[in-house]
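*Asks:* Handing you a structure now.
Every number here is computed from the coordinates shown, using simple stated rules; none is lab data. Bear in mind the structure is a predicted one, so any value in this text is a computation, not a measurement. Virtual Cβ from ideal backbone geometry, glycine too; neighbours counted across all protein chains shown.
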Amino acid sequence: MQILTANELLSGASVYFGRDRRWHQDIHRARIFAEADAQELDAVIAAAGATTRLVSIAVEKVQVKAGRVVAHRLRERIRAEGPTSPRHVLQPLREGDHVSL
Amino acid sequence: MYRYDEFDLGFVSGRVGQFRDQVNRRIAGELTEEQFRPLRLMNGLYLQLHAYMLRVCVPYGTMNAVQLRKLAHIARKYDRGYGHFTTRQNIQFNWPRLQDVPDILEELSDVEMHAIQTSGNCIRNVTTDQFAGAAADEIIDPRPVAEIIRQWSSLHPEFTFLPRKFKIAITGAPQDRAAIRFHDIGLMAQENAAGEVGWMVYVGGGMGRTPMIGKRIRDFVPHEDLLAYLESVLRVYNRYGRRDNKYKARIKILVHEEGLATLREQVNSEFEEVKGGVLTLPEEELARIRAYFAPPQFALSDDRFDLAALKREDAGFARFVEHNSHPHRHEGYTSLTISLKPVGGVPGDATAEQMEVVADLAERFSFNELRVSHEQNLVLPHVAIRDVRAVYDVLNAHGLAEANVGQISDMITCPGLDYCALANARSIPIAQELAKRFGTAERQAEIGPLKLNISGCINACGHHHVGHIGVLGVEKKGTELYQLTLGGDASENASIGEILGPGIVAEAVPDAVERLVQTYLGLRKAKDESFISAVKRVGPEPFREAYLAA
């Protein structure tokens, strides 16, 4: 299972492509792509690239545990939750920072 | 310190305008990220895990109170109220927004600061001894030459797109406090037989995935020929350095693959061509730049510390004096290091409030001078010994009087996986756990001087290769593991640490370091034999056995 992530241009915040075709900071709202969804994933990547509002677009492997999306890599888990020590809240998205496809 | 002239002012403010336009065009979609990325990097703007990161240049680690207050203001207005001081004597802000960066750069330009050449394949910020111009053992103040190198290298048209980044460090003292042998070029002041001061040149040092100790390429270069010689080295590197593989692109690889003798021959040949030309540094120009760094008007004083008396009166203050003061060239004065390594804190971080406190202290007690050390601390270089108590009291009231400089808890630590897009493992929590374990005054007094450095990946921004104990974070099958190294040394007795064994999990690191410390305590000849001296005397084996004994 995979999700699609990027950094939003204005804030630099990490964002995830959601089930509603909008980009969210909450990884648990991410659209999960199965292997069979490869074509759709490619299309979303192409569309995301075309917006010019998303940077470092990448695919990340995940699992779904108890209804929650958990990234395989620690890097991605930290990216989704913020620095660990001390804890910092994520970079907020402001009104104009939201991107949809 | 150096003050901008009209050229500097025009150049820096022009760059701000240029970058503002580039940001606007990026936001408007007129520039792609591929086009914009090199432009933002040329202005110190990175994209990290959670946000952008802006790296601001502190030339050779020297600044004044107004500049530090400006950094505090930027931290508060545009970031999250703190900044992170780095091993290149710079400062990083972890949370700026893209549209704010041109405004930040404009504010910086108001106080003669910028973020140029803090990234990219160019000559980076020249670093030097944090006690430059103050140290008792100094042959010469290296800052005028560092400034001249800055001017020569800033936007040098030939060296803007080198095969890879290029770092120069310079020291005016025989005791190397600037890790010069771990730089692409290291310069050490020398006096020749005629009593003239010039520069011994090392080349090809560096850390990263292929650590190398710089090799001596020339024994003595006079001041007037230094730029010509540096230009010659850079030309040879620019011509022959590899561009096909970024991991083999640093000059250390060129030195390693071609051999020092070949490189020396090539550089000498180039030097013969350029020597005596436009790069010759006239004495009048050197004198003009030196005037900016003229020593302050020190008062006459024969004050000295009476450490024994201090220990009887106030053990905490005595510890601060013992560890955080450094001998000054002028009688009655000292240089004070302000540790940014409190137990439980983030190494190298300072809040906006702390920056303002330090700026005030610099104005009141250190002739408006401040330094950033490559070990991620701040320095008040010229404090009258009679004022040290007053400075200490202020620092103490603001959580800045940690008396641990040169001790095990004074760790160089990179931001690691908590922030950095390149990291494999976290560094900050490891530093915090180690500081908890070893950071009490009693333990540090028992252990004595020990440098412990932590990097979150093989790029070695945390200088783990030169830690007496080094900790390197790696990632294996999704788990953070840490390799320990032993015997690294960034001083004039340079050495690279040896890996002790397989990586261990984070929770096991404090115990592993404990075993190394206990091994040292058990085999040292006397209390004044330092950790690194003992390691160099007995070799790594007893330590390796202890490390593997778990």
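*Asks:* Give the order of B:119, B:339 when sorted by the count of other beta carbons within 10 angstrom, beginning with the fewest.
*Replies:* Values: B:119 19, B:339 26.
Listing B:119, B:339 from fewest to most nearby Cβ atoms yields B:119, B:339.
*Asks:* I'd like the distance separating the alpha-carbon centroids of the range B:389-423 and the range B:431-481, in whole Å.
*Replies:* 14 Å
*Asks:* While we're looking at this one, here's another question. Out of the trypsin sites (Lys or Arg not before Pro) in the range B:466-550, which ones are loop residues according to DSSP with at most 16 other C-beta atoms within 10 Å? Working shown, then result.
*Replies:* Working: sites: B:476, B:477, B:515, B:524, B:525, B:527, B:536, B:537, B:544; in loops: B:477, B:524, B:525, B:527.
Those that pass, being in a loop and sparsely packed, are B:477, B:525, B:527.
*Asks:* Hey, another quick one. May I ask you to list the lysines whose Cα is less than 22 Å away from that of residue B:248, ignoring any residue fewer than eight positions away on the same chain?
*Replies:* B:165, B:167, B:215
*Asks:* Assuming R0 = 45 Å, what is the FRET efficiency of residue A:64 and residue B:165, from their Cβ-Cβ distance, to the nearest 0.05? Intermediate values should be presented prior to the final figure.
*Replies:* Values: r = 42 Å, r/R0 = 0.93.
The value I calculate is 0.60.
*Asks:* Still on this structure, I have one more. Lys and Arg at +1, Asp and Glu at -1: add these up for the other residues within a Cβ distance under 15 Å of residue B:65 and post the number. Each step should come with its number before you reach the end.
*Replies:* Values: positive: B:3, B:69, B:70, B:364, B:371; negative: B:110, B:112, B:353, B:356, B:360, B:363, B:369.
Residues near residue B:65 contribute -2 overall.
*Asks:* Follow-up. Got the relative contact order for the range A:2-94 handy, in percent, Cα pairs under 8 Å and 6 or more residues apart? Numbers along the way, then the final one.
*Replies:* On the way: 137 pairs, mean separation 28.8, N = 93.
Once normalised by length, the contact order is 31 percent.
*Asks:* Tell me which cysteines of chain B come out unpaired when the rule is another cysteine's Cβ under 4.7 Å.
*Replies:* B:57, B:122, B:420, B:457, each lacking another Cys Cβ under 4.7 Å.
*Asks:* Find out how many positive minus negative residues lie around residue B:441, taking Lys and Arg as positive, Asp and Glu as negative, among other residues whose Cβ is under 11 Å from that of residue B:441.
*Replies:* -2
*Asks:* Kyte-Doolittle mean at least -0.5 and Cα extent at least 18 Å along the axis: which DSSP H helices of chain B qualify?
*Replies:* Values: long enough: B:6-27 (32 Å, -0.53); B:65-78 (19 Å, -0.22); B:223-240 (26 Å, -0.31); B:260-274 (21 Å, -0.43); B:352-365 (19 Å, 0.02); B:509-523 (21 Å, 0.45).
Flagged H segments are B:65-78, B:223-240, B:260-274, B:352-365, B:509-523.
*Asks:* Rounded to the nearest 20 Debye, what is the dipole magnitude of the protein assembly as shown about its Cα centre when Lys and Arg each give +1 and Asp and Glu each give -1 at the C-beta? Display every interim value, and only then the final one.
*Replies:* Working: 78 positive and 84 negative charges, 431 e Å.
Taking the Cα centre of the protein assembly as shown as origin, the dipole is about 2080 debye.
*Asks:* Between the DSSP loop rule and a limit of at most 16 other Cβ atoms within 10 Å, which GluC sites (Glu not before Pro) in the range B:96-202 are left?
*Replies:* Details: sites: B:106, B:107, B:112, B:138, B:147, B:158, B:191, B:196; in loops: B:112, B:138, B:158, B:196.
Here the GluC sites (Glu not before Pro) that fit, given the DSSP loop and packing criteria, are B:158, B:196.
*Asks:* So, R0 is 56 Å and r is the distance between the beta-carbons of residue B:304 and residue A:42; what FRET efficiency does that work out to, to 0.05?
*Replies:* Details: r = 74 Å, r/R0 = 1.31.
Calculated transfer efficiency: 0.15.
*Asks:* OK, next. Under a point spin-label approximation (7 Å from Cα along Cα-to-Cβ), what is the residue B:21-residue B:288 distance to one decimal in nm?
*Replies:* 2.9 nm
*Asks:* Choose one of B:299, B:170, B:484: the residue whose Cα lies farthest towards the positive end of the charge dipole of the protein assembly as shown (beta-carbon charges +1 Lys, Arg; -1 Asp, Glu; about the Cα centre).
*Replies:* Sorting the options by dipole projection puts first B:484.
*Asks:* Let me ask another. Using only helices, what value at 222 nm comes out for chain B when you add -39,500 (n - 2.57) per DSSP H run of length 4 or more and divide by the total residues, to the nearest 500 deg cm²/dmol? Walk me through the intermediate numbers first.
*Replies:* Working: 18 runs with 207 residues, N = 550.
-11500 deg cm²/dmol, from helical runs alone.
*Asks:* I'd like to know which of A:85, A:38, A:4 lies farthest towards the positive end of the charge dipole of chain A, counting +1 on Cβ of Lys and Arg and -1 on Cβ of Asp and Glu.
*Replies:* Farthest towards the positive pole: A:85.
*Asks:* Also, quick follow-up: Pop the C-beta distance of residue B:256 and residue B:7 into the FRET formula with R0 = 60 Å and round what comes out to the nearest 0.05. Don't skip to the answer; put the middle values down first.
*Replies:* Working: r = 39 Å, r/R0 = 0.64.
Computed FRET efficiency for residue B:256 and residue B:7: 0.95.
*Asks:* Right, something else. In nm, to one decimal, how far is the modelled label at residue B:393 from the one at residue B:442, with both set 7 Å along Cα→Cβ?
*Replies:* For residue B:393 paired with residue B:442, the spin-label model returns 2.9 nm.
*Asks:* For the range A:1-76 and the range B:7-83, compute the distance between their C-alpha centroids and round to whole Å.
*Replies:* 28 Å
*Asks:* Also, I was wondering about something else. Using a cut-off of 15 Å between beta-carbons, work out the net charge of the residues near residue B:301 (Lys and Arg +1, Asp and Glu -1, residue B:301 not included). Working shown, then result.
*Replies:* Numbers: positive: B:304, B:329, B:386, B:389; negative: B:302, B:303, B:306, B:331, B:387.
For residues surrounding residue B:301, the net value is -1.
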